[in-house]
Amino acid sequence: MTNRLKLLGVERNWTQQDLADRAGVSRQTINSIETGKYDPSLPLAFTLARIFDAPIESIFSPDT
Amino acid sequence: MEFGSGWVYAAALLPPIPFAAAVWALIRVARASDELERRLHLKAMAVAFPLTMLMLMVLGLLEVGVELDRQNLAYRHLWGLMPLFYAGGLIAARRRYGQ
């Protein structure tokens, strides 16, 4: 799965730690999601969508 | 110390106490962990448990056919392998998820 997490974070001048704190996960988890090494669970994906005030589909998309 | 004295049994039952404390600490760490950290530890356990069982099975089968030197090769020598396998599994899992 690909995602726009890093781009969205940069737009808001957030570090990985900032996003991690808002999402209630570790910085390493955010890093793994951004690099595509880990796909978040549905609850975490919804949390991230809520944080960025964007639909999940606009943040995460399946690999083509 | 003569075999069968109460002190021998007491000494044998002492190690589970810190072990139980370690297990409780592990449970507390797991509760405080996020989903990826829990997955990493689960994968480490998925490596450590079957490998340890495999070692136990090998030793058990060896005992059937071979006269083993219990001083140098017994089940008590294998318990220390599980943390080793766990560490190896955790390292592999962290590399898999880019940590």
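Inter-chain neighbour count for A:33-40: the average number of beta-carbon atoms from partner chains within 10 Å of each residue's beta-carbon is 3.
With the Cα gyration tensor of the range B:1-61 giving a ≥ b ≥ c as the square roots of its eigenvalues, does the rule (a/c under 1.5 for rounded; else a/b larger than b/c for prolate; else oblate) give rounded, prolate or oblate? Cα axes put the range B:1-61 in the oblate bin.
Can you sort A:32, A:58, B:33 so the residue with the fewest Cβ neighbours within 10 Å comes first? Intermediate values should be presented prior to the final figure.
Values: A:32 22, A:58 12, B:33 16.
By the 10 Å Cβ count, ascending: A:58, B:33, A:32.
Largest GNM mean-square fluctuation among B:82, B:53, B:45, using chain B with Cα springs under 10 Å: B:53. Helix B:35-65 versus the longest principal axis of chain B: what is the Cα-based angle in degrees, 0 to 90, to the nearest 10? Value to nearest ten degrees: 30. 3J(HN,Hα) along the range A:3-18: 8, 10, 4, 5, 4, 5, x, 5, 4, 9, 6, 9, 7, 4, 5, 4 Hz, from the Karplus curve 6.51 cos²θ - 1.76 cosθ + 1.60 with θ = phi - 60°, whole Hz, x for Gly and Pro. Distant-in-sequence amide contacts of residue A:26, defined by a placed amide H-H separation under 5 Å and a gap of 5 or more residues or a different chain, comprise B:34. If the chain linking residue B:5 and residue B:71 were pulled fully straight, counting 0.36 nm for each residue of separation and taking away their Cα-Cα distance, it would gain 21.6 nm. When the GluC sites (Glu not before Pro) in chain B are filtered for DSSP coil states and for at most 13 other beta-carbon atoms within 10 Å of their beta-carbon, the remaining sites are B:2, B:67. Computed from phi, the 3J(HN,Hα) profile of the range A:50-58 under the Karplus parametrisation 6.51, -1.76, 1.60 (θ = phi - 60°) reads 5, 4, 8, 6, 9, x, 4, 5, 7 Hz, with x in place of Gly and Pro.
Give me A:33, A:56, B:17 sorted ascending by neighbouring Cβ count inside 10 Å, so fewest comes first.
B:17, A:56, A:33
Here, each number is a calculation from the coordinates, and none is a lab measurement. Owing to the predicted nature of the structure, the values given are computational and were not obtained by experimental measurement. No Cβ is skipped: glycine too gets one built from the backbone with ideal geometry, and neighbour counts run over all protein chains shown.
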